[in-house]
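Values quoted throughout were computed directly from the atomic coordinates according to the rules given, and no laboratory measurement underlies them. Here the structure is a predicted model, which means the values were calculated and not measured. Here Cβ is always computed from backbone atoms with ideal geometry, including for glycine, and neighbour counts include all displayed protein chains.
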Amino acid sequence: MISIQNTHKAFSIIEVMVGIFIFSLWLVSIYALLASSLSASSYSENAIVASNLSREQIELFKNIRDTNYKKLNVWNKVNPYTDFQIDNEVFELGKYYTLENNFWNSDSSIDVGEITWFKQWEDELLSMKKYQLCLDENEVYTYDCDSNNTQTVYYRYLYLEELRDEDNTVITDAVKVTSKVIWTKRGYHEFYIDTIITDWRRI
């Protein structure tokens, strides 16, 4: 009598489960890698925008100073386009400001707003909610977040403080300026620039 044996071995349930487990680990690793790459790309994009917004604010402050020189007013006058005898408001140390290009004004002036209620030790983002940046129809960043403008994840302000030397002596005719941008996409992030603005015509 001839005995016929089946030489093909079937996979056991345990082997199948091990195979599925290894394949699942591979899929999870690929997904984690893709998610990490997308997150890093998104962060880099937002960080570049935030750095440009921060630098723009420094340039706006410098433009105000230089326009003051051109108009022969004091260097730190808030609005150099008005008569100093009538409007003598100047930037004050220890205060927070918002700066915005006014493209619709014939003299291309810069709108300055003072953040009067911001408290440094409070939740910074909570305090900055009023100063969110939006995009208008011309893709220009503005603090005007009405229904026609698109909200962004960015908040921006300028902080002025006195400048001191190594002996802790206050340096006159100069100010330390901090331009800061906060964004809230996928967590809380911030970018800031510290620089020194001088009254270079008088020092």
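Residues of the range 150-203 that are β-branched (Val, Ile, Thr), closer than 15 Å to SER127 by Cα and in a loop (DSSP other than H, G, I, E, B): THR184 alone.
Say whether the condition of being in contact with a helix residue (DSSP H, G or I) (Cβ under 7 Å, 6 or more places away or on another chain) and surrounded by fewer than 15 Cβ atoms within 10 Å (Cβ to Cβ) is met by at least one residue in the range 196-203. Yes; the residues of the range 196-203 include at least one that is in contact with a helix residue (DSSP H, G or I) (Cβ under 7 Å, 6 or more places away or on another chain) and surrounded by fewer than 15 Cβ atoms within 10 Å (Cβ to Cβ). Would you check if ARG65 is surrounded by fewer than 19 Cβ atoms within 10 Å (Cβ to Cβ), touching a residue at least 60 places away in the same chain (Cβ under 8 Å), among the basic types (Lys, Arg) and within 20 Å of TYR157 (Cα to Cα)? The answer is no for ARG65.
Only one of these is free of Cβ contacts under 8 Å to residues at least 24 places away in the same chain and closer than 27 Å to GLN132 by Cα: THR195, THR178. Name it.
THR178
Residue-level check: of (1) in contact (Cβ under 8 Å) with a residue 12 or more places away in the chain; (2) surrounded by fewer than 16 Cβ atoms within 10 Å (Cβ to Cβ); (3) within 29 Å of THR184 (Cβ to Cβ), VAL49 misses just (2). Residues that are over 23 Å from VAL78 (Cβ atoms) and among the hydroxyl-bearing types (Ser, Thr, Tyr) were ranked within the range 152-171; the one that is surrounded by the most Cβ atoms within 10 Å (Cβ to Cβ) is TYR154. Residues in the range 68-80 that are assigned to a helix (DSSP H, G or I) and either touching a Ser or Thr at 6+ places or on another chain (Cβ under 6 Å) or touching a residue at least 40 places away in the same chain (Cβ under 8 Å) (or both): TYR69 alone.
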